[in-house]
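This report refers to the structure that appears directly beneath it.
The values are calculated or read from the model by the stated rules, or taken from the named source; none is laboratory data. Since this is a predicted model, take the numbers as computed values, not measurements. Because the Cβ atoms are built from the backbone with ideal geometry, glycine has one as well, and the counts that use them run over all protein chains shown.
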Protein chains: 2
Amino acid sequence: MPEIRQDPIGGRWVIFSPARSARPHDFESAAVTHTGTVCPFCEGHEHLSSKEVFALRHGGSSANQPGWQVRVVPNRFPALTADSGDIDPAAREPGLAILPGWGIHEVIIESPRHLTNTSQLSTAELADVLAIYRQRLGNLAAIDRVRYGLVFKNVGLAAGASLEHLHSQLLGTPIVPSTVIDELTGSDRYLQRHGTCPWCRMVDDALGDGLRLVAEEGPFVAICPFAARFSWETWILPREHAHHFHRVEESSLAQLAQLIRRVLTAMDRVIPRLAYNYIIHSAPFDTHAVDHYHWHMEILPRTAGIAGFEWGTGYFINPVLPEKAAESLGRADRGE
Amino acid sequence: MPEIRQDPIGGRWVIFSPARSARPHDFESAAVTHTGTVCPFCEGHEHLSSKEVFALRHGGSSANQPGWQVRVVPNRFPALTADSGDIDPAAREPGLAILPGWGIHEVIIESPRHLTNTSQLSTAELADVLAIYRQRLGNLAAIDRVRYGLVFKNVGLAAGASLEHLHSQLLGTPIVPSTVIDELTGSDRYLQRHGTCPWCRMVDDALGDGLRLVAEEGPFVAICPFAARFSWETWILPREHAHHFHRVEESSLAQLAQLIRRVLTAMDRVIPRLAYNYIIHSAPFDTHAVDHYHWHMEILPRTAGIAGFEWGTGYFINPVLPEKAAESLGRADRGE
């Protein structure tokens, strides 16, 4: 019997309908083919990408040459650009808003080797990647015009990736994204109503009854959210209230890396060759003390498409209850 | 140079970034394969689907037997069901909302033949399908518990279709979907600010300067919206203000069918084998006089995936400006 749950922060509705998973399919899952073009992100091909703005390098190697472990380059096909000019006044139409597409869009190449999934990085390598997220976000925070910094990753065609070599993207924007505004508004309302940060409550509940808890590692926990949009959706967040990812203690990054690896490895076991997105949700740079906003990383498995139902209603349909998802992932994590 | 536009109704932001279309791709576009299973929607296979609740039949043929042209059956894998019970009080958690998944979910099989795209229907056949949308929505409107009726269609794997035989889905829900609430709120605000229904304004503007006009047919027009989320996104709407699709004049359905066919045929010419969703946006059944809500059909081509960028920001990225899209589609429509 289907049930409908409401996300306590954003207010979005999710229909949990286990029967849907039995649907017949005319289409075989999309055959994903590497086209065999030369990978611009592999070591030795540095000339095929933009000039690096930062790299973690082994002693003595030169910029834009081999000898790096993580490399940050401007996105060659940016969604937003730092050299965007003003909007031509002649192009403006009454009652319709246009802004120049100003922003910073970088690519973080996470390994010199042609890896395709974060779970293939060692914990130490992933900790280095997280340290670079932290550092680049800190840099963006110091730029006046930048109000928000976003880190996200696409793995697999179904998750919208265009290149398979392991990489993340970093975006600096002059306006706070709608998703974050919705979270800030919703969590503020939650705090006023319930007297607590909703993510703190989520952590306490999961640690209390274990109901949607996937795994813990030092100061971090992994939880399937109550109104998960996607099957096996998992959020990773600090136990203690903290609003900015780039202020996380450097000494805890190895534990965070270990937890992310455990969750992605468990997902690999439950759904082989899963496509997914992950996104770090952090507060806007200019908010200094927010009792209601708690940074978190959302891992969004992309096993189902977004279809007319979702576009028409604004609801999601998920055939897997998060209690079941957390149980399966927890078992896979323990190797059971 | 990228520009950012805001949809004047829903307020969502879209980044128009033509440079993005030049991105290299490791993945070949998803190879879509018919798995060769017996199609439950073809004439002669009526026993493989649920018993029909309505069918347009040639004289004398019996229910659930061959001899039909359009057939309406309950969805065998429903997102919402009419026999859903109450939520077990023991399953409730403090501060978290759960509703029973009550609703009606039907499938409208649009042809006895194994067609896969609406543009393969004749205008008369499509007009019959539209007449059935109209009639089924009218039936839903008469059911007390149903507050909203939604018609949508998925064509192709990238659009979330599971079966390729041409069909639409009809949903009756006890709550008004979030998408419609957002449109109602946004268009009411627009009316208060600008003194007119935003869709009426859109029609007047397009007919005035032809800037985003794709085609017209009798009382209907096809327009690429100012802040289109998807490349070649097109909306079809009546010139005259009208809030409920199911109140459309039966005598105008052939013209509506003709316009839909022209737009989908033009899309076929511009992007062969395009996957798309279409959705009829209509006012809730219990709103009787809404000066700000204007029914419309949204055709959403699915050439690009939804990735970390979109999930993280709530923005869309579209490489094709709607002015260019309307021009290309208009030319394709005229056979140029």
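Taking the range B:310-330 as the range and being surrounded by fewer than 23 Cβ atoms within 10 Å (Cβ to Cβ) and free of Cβ contacts under 8 Å to residues at least 60 places away in the same chain as the test, the residues that pass are B:E310, B:W311, B:K324, B:E327. Are any of the residues in the range B:238-261 crowded, with 23+ Cβ neighbours inside 10 Å, hydroxyl-bearing (S, T, Y) and at pLDDT 95 or above? So far as the range B:238-261 goes, no, none of its residues is crowded, with 23+ Cβ neighbours inside 10 Å, hydroxyl-bearing (S, T, Y) and at pLDDT 95 or above.
Taken together, the residues in the range B:214-229 that are within 14 Å of another protein chain (Cβ to nearest Cβ) and either at pLDDT below 95 or over 16 Å from the mean Cα position of the chain (by Cα) (or both) amount to 2. Residues of the range B:151-175 being part of a strand (DSSP E or B) and within 16 Å of B:P78 (Cβ to Cβ), which ones? Result: B:V151, B:F152, B:N154, B:H167, B:S168, B:Q169, B:L170, B:L171, B:G172, B:T173. Figure legend. Inter-residue proximity from the range A:259-273: first residues closer than 14 Å to A:G156 by Cα, second residues assigned to a helix (DSSP H, G or I), beta-carbon distance below 6 Å, spacing 6+ or different chains. Indicated pairs: A:L264/A:T118; A:L264/A:S119; A:D268/A:S119. Of all residues in the range A:309-336, those being closer than 30 Å to A:L130 by Cα, within 10 Å of another protein chain (Cβ to nearest Cβ) and small (G, A, S) number 0. Scanning the range A:88-114 for residues that are more than 12 Å from chain B (Cβ to nearest Cβ), crowded, with 16+ Cβ neighbours inside 10 Å and without any contact (Cβ under 8 Å) to a residue 60 or more places away in the chain yields a count of 2. Taking each residue of the range B:136-157 that is at positive phi and looking for partners that are surrounded by 24 or more Cβ atoms within 10 Å (Cβ to Cβ) and not basic (K, R) with beta-carbon atoms closer than 8 Å, six or more apart or interchain, yields B:G156/B:Y276.
Filtered by the rule that a residue be facing another protein chain (nearest Cβ under 7 Å) and surrounded by 20 or more Cβ atoms within 10 Å (Cβ to Cβ), the range B:172-184 gives a lone residue, B:P177. Only one of the listed residues (A:V129, A:V155) is more than 14 Å from chain B (Cβ to nearest Cβ), surrounded by 17 or more Cβ atoms within 10 Å (Cβ to Cβ) and of a type in the set (V, I, T). That residue is A:V129.
Does A:H246 meet the test of being touching a Lys or Arg at 6+ places or on another chain (Cβ under 6 Å) and at negative phi? Against the criterion (touching a Lys or Arg at 6+ places or on another chain (Cβ under 6 Å) and at negative phi), A:H246 qualifies. For the range A:13-39, the candidate set comprises residues that are more than 7 Å from chain B (Cβ to nearest Cβ) and either in contact with a Lys or Arg (Cβ under 7 Å, 6 or more places away or on another chain) or modelled with pLDDT of 90 or more (or both); within that set, the residue that is surrounded by the fewest Cβ atoms within 10 Å (Cβ to Cβ) is A:C39. Among the conditions (1) over 19 Å from the mean Cα position of the chain (by Cα); (2) within 13 Å of chain B (Cβ to nearest Cβ); (3) surrounded by fewer than 22 Cβ atoms within 10 Å (Cβ to Cβ); (4) on the phi < 0 side of the Ramachandran plot, the only one that A:L163 does not satisfy is (1). Quick one: is B:E298 in a strand (DSSP E or B) and either more than 24 Å from B:G11 (Cβ to Cβ) or of a type in the set (S, T, Y) (or both)? When the stated conditions are applied, B:E298 does not pass them. Looking across A:I271, A:I306, one residue alone is within 10 Å of another protein chain (Cβ to nearest Cβ), modelled with pLDDT under 95 and out of contact with any helix residue (DSSP H, G or I) (no Cβ under 6 Å at 6 or more places or on another chain). It is A:I306. Restricting the first member to the range B:48-59 and to residues that are closer than 10 Å to B:R71 by Cβ, and the second to residues that are exposed (fewer than 15 other Cβ atoms within 10 Å of the Cβ), the beta-carbon pairs closer than 6 Å and six or more apart or on different chains are B:E52/B:A63.
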